[in-house]
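A short worksheet on the structure shown next.
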Amino acid sequence: MESNKGSFRITGGSRLVGQVTISGAKNSALKLMAATLLAQGKSTITNVPDIADVHIMEELLTRLGCVCSYDREAKILEIDVPAVPGHRADYDLVRKMRASINVLGPLIARVGEVEVALPGGDAIGSRGIDFHIKGLTDLGATARSEHGFVIATAPNGLTGATISLDFPSVGATENLMTAAVLAKGVTTIENAAREPDVVDLGEFLISMGAKIEGLGSPNIKITGVAKLNPTTHATLPDRIVAGTWAFAAVMTQGDITVHGGRIEHLEVPLDKIVEAGAVVTSTDDGFRVKMDRRPTAVDVATLPYPGFPTDLQPFVITMNSIAEGSSLVTENVFEGRFMFVNELQRLGADIHVDGHHASITGKKELSGAPVAATDIRAGAGLVLAGLVSDGVTTVEDAFHIDRGYPGFAESLRALGAQVELI
Ligand code: UD1
């Protein structure tokens with residue numbers, strides 16, 4: 001897919017009303033794709049979103065010797081994995097997409113060696129991989145960092161161990177789970193991440209023949225097997241995209257039915273939306289969010305799942321910027337995640353940041369201006385801010401938004417927004 005280097009041009013003032021259908025989760029699909037490396041042969045993943053990051057992961061897998069074929073209409077991706085995949089993920093891909101480091105676990109398990117470029121920081125803060133490395137070392141690998149790469153080897157295979165994470169990191173839990181499935185003996189990951197994406201990956205691995213217990217709990221137990229088989233699996237619907245539409249309904253005093261949105265994956269954010277004044281109802285295949293007044297400001301602290309997701313934090317800050325009253329939003333997961341606040345301030349938002357706290361005083365309306373997307377969620381948050389701004393807002397660097405929201409402009413237009421890509 002061509003990356004969109006352009007801008008979103010939004011004329012504010014529309015109430016969003018109608019229906020959206022949620023595609024497969026970016027943060028699940030990318031991990032399932034990396035995990036196919038664990039078995040020789042053809043795996044099939046359905047409900048794969050047509051977004052830039054999926055195509056970057058296809059490129060990475062192709063460089064590792066896989067043959068990928070994506071059916072854009074059907075959203076089905078087939079990956080044919082060779083007997084011996086390559087073992088190197090270069091910086092040009094890792095810097096474009098951090099989820100490239102998810103090949104670390106599968107490759108060390110399957111090939112016994114792996115070199116992955118160090119991802120460095122990004123627009124939401126410094127993002128270490130020390131938990132990934134320490135966990136692999138606990139499993140018997142040797143790992144070192146050299147010339148911008150993390151190089152890990154385990155020529156005689158990995159051995160099960162008890163690994164305790166200092167923080168329930170999503171990426172580390174995924175890499176260690178995908179490493180441990182082929183290790184000798186039993187691995188326990190303590191303080192594991194509980195995100196639905198981690199559960200989806202675990203179920204994918206189980207369908208390949210892995211033995212995993214405790215998915216969705218802080219203690220995951222993996223009993224290694226000698227070999228895994230290719231599989232077929234449907235990607236989980238994207239809870240962050242579903243949550244984005246929920247906030248869009250609240251902010252524009254709209255009425256949006258979110259087909260495929262799983263209420264059970266969004267309990268805390270939907271509770272916050274109800275606190276802000278919306279009516280949330282469950283439907284046959286998703287949920288509906290209806291709002292008929294200006295939202296009331298809500299206090300939020302981001303936390304690992306099942307807490308309020310850091311990926312929805314830009315939307316709650318944007319909502320609070322136009323809400324009745326003052327609020328405090330605390331970011332506990334990524335320290336750099338308030339960077340986009342400077343852009344919101346250009347739209348007139350009254351926000352003061354102090355460390356990992358943002359205090360917000362709501363205004364009736366923001367004031368349209370040119371702003372720039374700094375990352376996927378911040379970019380989508382600024383587009384929603386444009387919807388509740390007086391006049392025209394342009395959000396530059398729209399490619400960030402493409403990375404997570406397939407057909408975002410089309411969906412917004414279908415709901416009645418005045419949005420174009422320029
Ligand atoms: C994933 C998601 C991202 C989401 C995040 C938290 C993908 C592609 N990205 O990112 O959208 O916001 O989960 O839900 O799935 N940390 C360390 N050392 C490590 C690993 C993590 O210090 O070895 C820190 C990070 O810097 C961060 C925190 O732990 O402060 C959480 O990171 P983590 O859960 O690993 O997030 P990602 O997997 O990178």
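General observations
- Think of each Lys and Arg Cβ as +1 and each Asp and Glu Cβ as -1; about the Cα centre, that makes the dipole of the chain roughly 320 debye.
- Positive-pole candidate from S321, F338, S282, dipole of segment 280-341, charges at beta carbon: S321
- DSSP bridge orientation in the chain - percent antiparallel, rounded to nearest 5: 70
- The angle separating the long axis of helix 52-63 from the principal Cα axis of greatest extent in the chain is about 20 degrees.
- Cβ-derived FRET efficiency at R0 25 Å, T21 paired with E275, nearest 0.05: 0.40
- For segment 188-307, the square roots a ≥ b ≥ c of the C-alpha gyration tensor eigenvalues yield an a/c of 1.5 or more together with a/b exceeding b/c, which makes the shape prolate.
- Ranked packing of 377-384, 181-188, most packed first, by mean Cβ within 10 Å: 377-384, 181-188
- Label separation (S282 vs D166): 4.0 nm, computed from points 7 Å beyond Cα along the C-beta direction.
- Solvent-accessible surface (1.4 angstrom probe) belonging to M339, in square angstrom, nearest 10: 100
- Most positive-pole-ward Cα, A385, L421, G214, against dipole of the chain from beta carbon charges: G214
- The chain: calculated mean residue ellipticity at 222 nm from DSSP helix runs of at least 4, using -39500 (n - 2.57): -8500 deg cm²/dmol
- Rounded to the nearest whole Hz, the Karplus-based 3J(HN,Hα) values (6.51 cos²θ - 1.76 cosθ + 1.60, θ = phi - 60°) of segment 282-291 follow the sequence 8, 10, 3, 10, x, 8, 10, 10, 10, 9, with x at glycine and proline.
- Residue ranges 150-156, 313-319, 110-116, 232-238 sort as 313-319, 232-238, 110-116, 150-156 when ordered by packing (mean number of other C-beta atoms within 10 Å per residue, highest first).
- Counting only protein heavy atoms and a probe of 1.4 Å, the accessible surface of the chain is 49% carbon and sulfur.
- For segment 333-422, a crude dipole built from +1 on the beta carbon of Lys and Arg and -1 on the beta carbon of Asp and Glu, taken about the Cα centre, is about 180 debye to the nearest 20.
- Surface analysis of the chain yields an accessible area of 37 Å² per residue, using protein heavy atoms and a 1.4 Å probe.
- Label-to-label distance, H352 versus T223, with points set 7 angstrom from Cα along the beta-carbon direction: 5.8 nm.
- Candidate lysines - alpha carbon under 28 Å from K221, same-chain residues fewer than 8 apart omitted: K26, K31, K42, K134, K184, K211
- Counting only Cβ charges, +1 for Lys and Arg and -1 for Asp and Glu, the dipole size of segment 29-225 around its Cα centre is about 380 debye.
- Whether segment 29-225 is rounded, prolate or oblate, judged on the alpha carbon gyration tensor where a/c under 1.5 counts as rounded: rounded
- Where a label projected 7 Å from the Cα of E267 along Cα→Cβ would reach, residues of segment 197-230 with amide N under 14 Å: 216-218
- Most positive-pole-ward Cα, I76, P304, P106, against dipole of the chain from beta carbon charges: P106
- Extension gain (nm, one decimal) between R293 and K5, 0.36 nm per residue minus Cα-Cα: 100.1 nm
The values are calculated or read from the model by the stated rules, or taken from the named source; none is laboratory data. Everything numeric here is computed off the predicted structure, so don't read it as measured data. Every residue, glycine as well, gets a Cβ built from its backbone with ideal geometry; the counts of neighbours run over all protein chains shown. Ligands, DNA and RNA are excluded from the accessible area calculation, which covers all protein heavy atoms including side chains. Shrake-Rupley method; radii C 1.70, N 1.55, O 1.52, S 1.80 Å.
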